[in-house]
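Okay, so here's the structure we're looking at.
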Amino acid sequence: MNGKILCIGTILVATLIVLGSLSPHVYSKEIDNVIVEVNRYYGRKSEPIYTELSYDEAVELKEILIQLNVAIENNDEDAISQYEKTLNEKGIFGSQRQEFFSQNTFSEKMDLNKYSVYPRYLKQKAGDKISNNLCYFNAIGKGGIFFMLAIKFLDAIKAVLNNASSFIEAFVILIALLPLFVLIYLLTHLIPFRILMPVGVVSMQDGRMSSLGLQGFKRVIVDNETYNVNISGFTGLTINFIGSESLAGFLFVSGIAMEVKETSI
């Protein structure tokens, strides 16, 4: 049965990644253009900002975000400042200027050293590569984000599948419930619902994630697999690409989380 659930879970996650490229703007016939979607989660309603770029412009933006992530991890203040300036000049953040800072800056601002006594009291599974508390979280690569309502529905699906008597029965149940899951997933990505992300999951297929917090610095390299991270109390920024087949699903996440935890969904 565990193998069955793993198989079904893989199907669900794969479906989720595909859906990650969906939005009200997905159905553009300009297949050579790419829509860049920016979301801010800062304790109040944040409407997505959509910017249409040519394919070449999107490729350039992707490379800048990759290099920005490297600069953040390497604490290269000059590079961060330059990439920040370039990104703001591109106008993808709207009228509000976006700032980025290094992991060193985060550590200094939060004065993490004075909390060094607490990690011994924090629960951590052996082999857990990313879990952290009160941390600066960054993720970049091919993946997607989904939110509390979708997570709750996934939990309900898993409970039903656990009671299935065979793989065929589980598969039939999945097919029957999948349209409802798609509807819920889309609803959680519409503006009225996309207000905060108290609990969400970053699901990465290919890329890297890092966290710096009370449990130190952690990094995960994801290569042609699915790695899921539960983030709670997130305050920050997400950028994802929609449109071109080769760029759709590219995701950049940067912000502060109360808790980051490896999860199997």
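The values are calculated or read from the model by the stated rules, or taken from the named source; none is laboratory data. None of the values given here were measured: they were computed from a predicted structure. Counting neighbours? That spans all protein chains shown, and the Cβs are built from the backbone with ideal geometry, glycine included.
Quick check, is Q82 surrounded by 15 or more Cβ atoms within 10 Å (Cβ to Cβ) and either modelled with pLDDT of 95 or more or more than 17 Å from the chain's Cα centre (by Cα) (or both)? Taking the combined requirement at face value, the residue satisfies it. Counting the residues of segment 223-244 that are crowded, with 19+ Cβ neighbours inside 10 Å, β-branched (V, I, T) and farther than 21 Å from Y50 by Cβ gives 2. Tell me whether segment 191-199 contains one or more residues that are of a type outside the set (V, I, T), under 14 Å from the mean Cα position of the chain (by Cα), at pLDDT 90 or above and under 21 Å from S131 (Cα atoms). No, that holds for no residue.
Residue-by-condition table, conditions (1) modelled with pLDDT of 90 or more; (2) polar (S, T, N, Q):
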position	(1), (2)
E47	no, no
T51	yes, yes
L87	yes, no
I92	yes, no
N138	yes, yes
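Could you please tell me which pairs satisfy a Cβ distance under 7 Å, a separation of 6+ or placement on different chains, a first residue in segment 40-60 that is over 20 Å from I256 (Cβ atoms), and a second residue that is at pLDDT 85 or above and of a type in the set (D, E, K, R)? Between residues of segment 40-60 that are over 20 Å from I256 (Cβ atoms) and residues that are at pLDDT 85 or above and of a type in the set (D, E, K, R), the close pairs are P48/E37; Y50/E37.
Hey, among E108, E73, E60, which residue is surrounded by 15 or more Cβ atoms within 10 Å (Cβ to Cβ) and either more than 16 Å from V253 (Cβ to Cβ) or of a type outside the set (S, T, N, Q) (or both)? Steps first, answer last, please.
On the way: E108 fails: surrounded by 15 or more Cβ atoms within 10 Å (Cβ to Cβ); E60 fails: surrounded by 15 or more Cβ atoms within 10 Å (Cβ to Cβ).
Answer to the selection: E73.
Hey, among the residues in segment 85-105 that are of a type in the set (V, I, T) and either over 23 Å from V220 (Cα atoms) or part of a loop (DSSP other than H, G, I, E, B) (or both), which one's nearest to the chain's Cα centre (by Cα)? Among residues in segment 85-105 that are of a type in the set (V, I, T) and either over 23 Å from V220 (Cα atoms) or part of a loop (DSSP other than H, G, I, E, B) (or both), the one nearest to the chain's Cα centre (by Cα) is I92.
I'm trying to understand the selection: among the residues of segment 49-63, which are part of a strand (DSSP E or B), farther than 10 Å from L247 by Cβ and of a type outside the set (F, W, Y)? It would help to see each step written out before you state the result.
Residues of segment 49-63 that are part of a strand (DSSP E or B), as a first pass: 49-54.
Subsequent filtering for residues that are farther than 10 Å from L247 by Cβ retains 49-52, 54.
Of everything in segment 49-63, those that are part of a strand (DSSP E or B), farther than 10 Å from L247 by Cβ and of a type outside the set (F, W, Y) turn out to be I49, T51, E52, S54.
If you scan segment 226-265, which residues turn out to be outside any strand (DSSP E or B) and touching a strand residue (DSSP E or B) at 6+ places or on another chain (Cβ under 8 Å)? Within segment 226-265, T226, G233, F234, G243, S244, L247, A248, G249, S264, I265 meet the criteria.
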